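To keep things clear, I will list the structure first and then write my remarks on it.
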Amino acid sequence: MKGLLILFCLVLPLCGFTATRAEVITLTADTFSDKVKEKDIVWFVQFCVPWCKHCKNLGSLWEGLGRAMEGEDAIEIGQVDCSTSKPVCTKVDIHSYPTFKLFYDGEEVAKYQGSRDVESLKTFVLEAAEKAQLDSDKEL
């Protein structure tokens, strides 16, 4: 019976029955540009470094936002570690940590400077995403 339980625990993840984790996508120098240029996708990206006490104080906030945004098909939550992806952070003009920026069709469309709680971040993303998409539709 014990062997069957061990086998079940090994096979279960292969069947897709794993606990859901926040959908926060780590972006690197190799992936950032291609990802934020995805057509009709809004990217809300946190730029941090491991040694920053303010970044550390965020704790699981970003993962919480990722969970709160699940089901929003046109919005992705990303993060960039500026200590390992310095070219990305230089390119998008990051000078302090943490910095939160919203990108749409490869362009920076907003910088978040509000309260650091999931509801405030979510409200900002939804409103900024709608505005970015409407502005893009006007250009067509």
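List of remarks:
- Note on the stretch 98-140: Cα-only Rg and Dmax are 11.1, 35 Å.
- The convex hull around the C-alpha trace of the stretch 31-81, projected and averaged over every direction, spans 3.7 square nanometres.
- The slack between ARG67 and LEU134, meaning 0.36 nm per residue of separation minus the straight C-alpha distance, is 21.6 nm.
- Surface exposure of the stretch 61-140, expressed per residue as accessible area with a 1.4 Å probe, stands at 56 Å².
- Semi-axis lengths (Å, descending) of the ellipsoid that matches the C-alpha gyration tensor of the stretch 59-128: 20, 14, 12
The values are calculated or read from the model by the stated rules, or taken from the named source; none is laboratory data. What you are looking at is a predicted structure, and each value in this text was computed from that prediction instead of being measured. When the accessible area is computed, the model is the full protein with side chains, heavy atoms only, and any ligands, DNA or RNA have been set aside. Shrake-Rupley method; radii C 1.70, N 1.55, O 1.52, S 1.80 Å.
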